[in-house]
Structure formats: structure tokens, C-alpha cells
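Structure, as C-alpha cells:
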Amino acid sequence: MVRIEAKYENGLRCTATHIPSGKQIITDAPIDNHGKGESFSPTDLLATSMLTCIMTIIGIRAEKKKIDVNGMSGSVEKTMTTNPRRVGRLEIRIKLPNNLDLKELNWLKKEGCNCPVCFSINKTMDVDIIFHD
């Protein structure tokens, strides 16, 4: 179990502390929701969590099979929807290194899409995961 503590700092900003490491992150409400948009919003963190979870799982699986995925990169685009306001769509793009053979590539794609965040997302959210080289 991991504990995270948060404090409301006023101005629609929160500071969250990861208790085991002491590291902090700041969230701001986005401009389109009455905020300053000076940092990640809570829904930006959700999108970022999905992207980095997929990449982390690929890294874990690759290490176990001694597959080099150094240089893997990715991006996520988040689209909000209304009634209720929520994340409606995530478009995730992951670029894997060119040194992978087809078997390794297909296996890592499958493994990455089985990350814990993917399994935790509401099924009403449209998620499109695109792998490219």
C-alpha cells in the first residue's frame, strides 16, 4: 500500500506528496475549468498515468526477456466531455525502438496493453492505443 497526502493551496491548486519518497507534484485546475492551467490538472495526471503505465509494463516485460527498449517514447492526447465533465477519450501513441523483431514487437504491445491503469479505467472512456515506429 502506498500513501499519498494532498493539501489544497487555494486558487484551485493542490500539492500532493508521495509519502514513501517525499516527492511532490502540483495540480492546477485547467483554464477551461476556472483554473490557471499552470501545472498538470488531475485529469492530465490520469492520462499521463495510463501512458507511463503502459510504457513501464513494456519496460518490465522487456527486461525479463533481455529485450532492449531504450529510446521508447510516447504521448497522450486527452479529450474532455461534458454531462458529466470527464475524460471522454485518450489517444495514446507509443514509439518502440526499431531494433525489435516482429515477434518481440507484437508481444510487447500485448503486454503493455495489460497494464493496471488500463484495467482501472471506466469502460465508457474511449481509449485508442497506437504503436508506431
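The values are calculated or read from the model by the stated rules, or taken from the named source; none is laboratory data. Remember, predicted model here, so these are calculated numbers, not experimental data. Virtual Cβ from ideal backbone geometry, glycine too; neighbours counted across all protein chains shown.
Numbers below:
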| quantity | calculated |
| --- | --- |
| Which numbered condition Val87 misses (of (1) in contact with a strand residue (DSSP E or B) (Cβ under 9 Å, 6 or more places away or on another chain); (2) part of a loop (DSSP other than H, G, I, E, B); (3) not basic (Lys, Arg)) | (2) |
| The stretch 104-133 residues that are within 18 Å of Thr43 (Cβ to Cβ), paired with ones that are surrounded by 14 or more Cβ atoms within 10 Å (Cβ to Cβ) and among the basic types (Lys, Arg) (beta carbon under 6 Å, 6 or more apart) | Asp126/Arg89 |
| Exclusive hit being closer than 28 Å to Thr124 by Cβ, in a loop (DSSP other than H, G, I, E, B) and either at pLDDT 95 or above or in contact with a Pro (Cβ under 7 Å, 6 or more places away or on another chain) (or both), set Gly22, Gly71, Gly37 | Gly37 |
| Residues satisfying the stated conditions in the stretch 56-96, i.e. over 19 Å from Pro42 (Cβ atoms) and of a type in the set (A, V, I, L, M) | Ile57, Ile58, Ile60, Ala62, Ile67, Val69, Met72, Ile94, Leu96 |
| Among the candidates Met80, Met55, residue that is closer than 30 Å to Gly11 by Cβ, of a type in the set (A, V, I, L, M) and outside any loop (DSSP other than H, G, I, E, B) | Met80 |
| From the options Ile67, Ile129, Ile92, residue that is closer than 22 Å to Asp32 by Cβ and surrounded by 12 or more Cβ atoms within 10 Å (Cβ to Cβ) | Ile92 |
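Here is a yes/no grid of residues against (1) without any contact (Cβ under 8 Å) to a residue 40 or more places away in the chain; (2) of a type in the set (Val, Ile, Thr); (3) at positive phi:
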site: Arg13; (1), (2), (3): yes, no, no
site: Ser21; (1), (2), (3): yes, no, no
site: Ser39; (1), (2), (3): yes, no, no
site: Leu46; (1), (2), (3): no, no, no
site: Leu51; (1), (2), (3): no, no, no
site: Asn83; (1), (2), (3): yes, no, yes
site: Gly88; (1), (2), (3): yes, no, no
site: Ile94; (1), (2), (3): no, yes, no
site: Asp101; (1), (2), (3): yes, no, no
